[in-house]
Amino acid sequence: MNIISRSILHAAAWVMKSNDLTLTDPRGWGVLGTGRTWANINVSDSTQLQITTAWSAIRLIAETVGTLPLHLYRTTSKGRERAKDDPRYGLVRWQPCDYLTAPEWKEAMVVSLATMGQSYNPITRFDSTGRVVEIQPVPKHRVQPEVLRDGSIVYWLTDRHGQRRQCSRREIMPIRGFGGVGELEGYAPHRIHSNSLGLSLALEKYAAEFFGSGGQPLGIITGDYDPGEMTRDQFRASVSKYIRDSREKGEHPFFTKGTNYEPISTPNNESQFIEARKLQIAEVARIYRVPLHMLMETDKASYNNTEQANKHFLDYTLLSYLTRIEAGLNSCLLERGERERGMYFEFDVNNLLRGDSTARADQYLKLRQSSAITANEIRERENLPRVDGGDDLMAPLNMAPLDLLRQQIDNKGGS
């Protein structure tokens, strides 16, 4: 570790010990990572999306969640059923507000969670009945949480006209991403991992400048020139323009005798440029916790089938987003009495785990033979119309409860 790195770490440790900082405290932003990074690159919530790996990871998570159906369920004596007669069912299933459909709304929530660590979704209710009529997501910067003297938390929402109003948690529906104890908002990746993301941007910037200059490495021009004819800066500018014009015209540059060009930058193969870019793909994938093969990096893909890969993606990447959104909806859209009576929101992930046709057919056969599913339920999952007589549960003739078999044996013995 060099002297500069040690100084930065010592400074960070001193600041954290001498001040009780949070990620929303501007005093700690220089330590926790915003603005200029060690790679001398600015990283913000928007520049992180300029990294192709980060763009692909965030888009993959958001669009996958957006395609998963979200339902409102109620518990009955026979199990559970979809509460399609409840107005809130239509809001989350089809269209939460005038300008967003349900998939677009879910995508917007996840993009905000993945990039900023927080999502806010103000809820509009009828004053007379309290019925929910609209859910409208807003950018994170338009909401400021505040802890009052009595320990309660309020949220200040700024509308498009700059007017601020105080909202409760049930009115703003905050969904918090991964964060620390005492934090009202989740961690933003571009602040925590600004140096890693900055390195990815620096590598891309270097590649663009290198190939944009025709693959010309940095170097020193040596040779004899007459100071009386031109200054050193004029000579350098003249040679640079000559090389640039030669490249644009497709001609080979020619130097007179005594003039040499000596490269001083490290060749790309020696600096392991390709390896560094590949390493950064894995580094960014770790930040957003997305499997490499789903980011088109298939060098080390090890999954035998799509279903296994999707289950891994669901368990270790999507589940945290789905659970947080479900908890936020249950907390802010449902009354306490409704939750106690067994109403809840839940994503349907069956389509993500469908597998191929052979695997689905084998699963349906086993469920059908074990009397766990009806023919019409299978047809509904396959988007086929219901048929008469398809609601009966069937069982193999060679299987029966032991007590019934024992009773039949006893009856035969007695006769």
I need two numbers for region 53-128: Rg to one decimal and Dmax as a whole number, Cα atoms only, in Å. 14.9, 49
Karplus couplings for region 135-147 from phi (6.51 cos²θ - 1.76 cosθ + 1.60, θ = phi - 60°), rounded to Hz, Gly and Pro as x? 10, 10, x, 10, x, 4, 5, 8, 10, 10, x, 9, 9
From the phi angles alone, apply the Karplus equation (6.51, -1.76, 1.60; θ = phi - 60°) to region 166-177 and give each ³J(HN,Hα) in whole Hz, x where the residue is Gly or Pro. 8, 10, 8, 4, 5, 8, 10, 6, x, 10, 8, x
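Can you tell me the order of 333-341, 383-391, 120-128, 106-114 when each peptide is scored by its average per-residue count of other Cβ atoms within 10 angstrom, highest first?
Going from most to least packed, we get 106-114, 120-128, 333-341, 383-391.
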Local electrostatic count, Ser44, Cβ distance below 12 Å [Lys/Arg +1, Asp/Glu -1]: +1
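Each value in this text was obtained by applying a stated rule to the coordinates, not by laboratory testing. Quick caveat: nothing in here was measured; it's all calculated off a predicted structure. A quick note on method: Cβ atoms are made from the backbone with ideal geometry, for glycine too, and the neighbour counts reach across all protein chains shown.
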